[in-house]
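Worksheet: one structure, shown below.
Just so it is clear, none of the values below were taken in a lab; they were calculated from the coordinates. Everything numeric here is computed off the predicted structure, so don't read it as measured data. Here the Cβ is made from the backbone with ideal geometry for all residues, glycine too, and neighbour counts use every protein chain on show.
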Amino acid sequence: MRFLANENFPLLACRALSEQGFDIVSVTHVCPGARDEDVLARASAEGRVVITFDKDYGTLVFRRKLPAPAGVILLRIRPKSVGFILDRVLRVLRSDVPLANRFTVVSETRVRSIPIKRA
């Protein structure tokens, strides 16, 4: 599975995931300042799951029905530290929670995975 980290996802966490073998690139490096719509389009074209703290992605995918990427992981956690963020993301990536074609919401206490319906 391939990932595209939104600009609000820490670069240190992105680097740590890459070092652990995950195929992840950061918006900060590949298209800094891109609008959310453009991030979704890029992720969709490249078959990547977006990792973000930005709640607007739910609106873009479900209400505006923009082209959906391979999935979205929305982090609804307080970013206490890079280590904390990395721990929460790794738990989800290493779990059996389905991520492909899903909108996955990660909170402090649970993980919800909702199918993304494609046109």
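Relative contact order of the chain: 23 percent, from C-alpha pairs under 8 Å at least 6 residues apart in sequence.
In terms of packing, defined here as the mean over residues of other Cβ atoms within 10 angstrom, the peptides 41-53, 10-22 line up highest first as 41-53, 10-22.
Between the amide H of R2 and those of V49, distances stay under 5 Å, these residues lying 5 or more places away or on another chain, with hydrogens modeled in the peptide plane. For the stretch 67-73, backbone phi angles converted through the Karplus equation (6.51, -1.76, 1.60; θ = phi - 60°) give residue-by-residue couplings of x, 7, x, 5, x, 9, 10 Hz, Gly and Pro being listed as x. Entry note, the chain: the mean residue ellipticity at 222 nm calculated from DSSP H runs of n ≥ 4, each adding -39500 (n - 2.57), is -8500 deg cm²/dmol after division by the residues and rounding to the nearest 500.
Of I73, I24, I85, the residue with the greatest mean-square motion in the GNM of the chain, using alpha carbon springs below 10 Å, is I85. Among bridges DSSP assigns within the stretch 2-115, what percent are antiparallel (round to 5)? Antiparallel bridges: around 25 percent, rounded to the nearest 5. For the stretch 54-106, how big is the tail of P(r) above 18 Å, as a whole percent of Cα pairs? Tail of the P(r) past 18 Å holds 36 percent of the pairs. Gyration tensor over the Cα atoms of the chain: the corresponding equivalent ellipsoid has semi-axes (square roots of 5 times the eigenvalues, largest first) of 20, 16, 13 Å.
Of all lysines in the structure, the ones whose alpha carbon falls short of 25 Å from that of K80, not counting any fewer than 8 places away in one chain, are K55.
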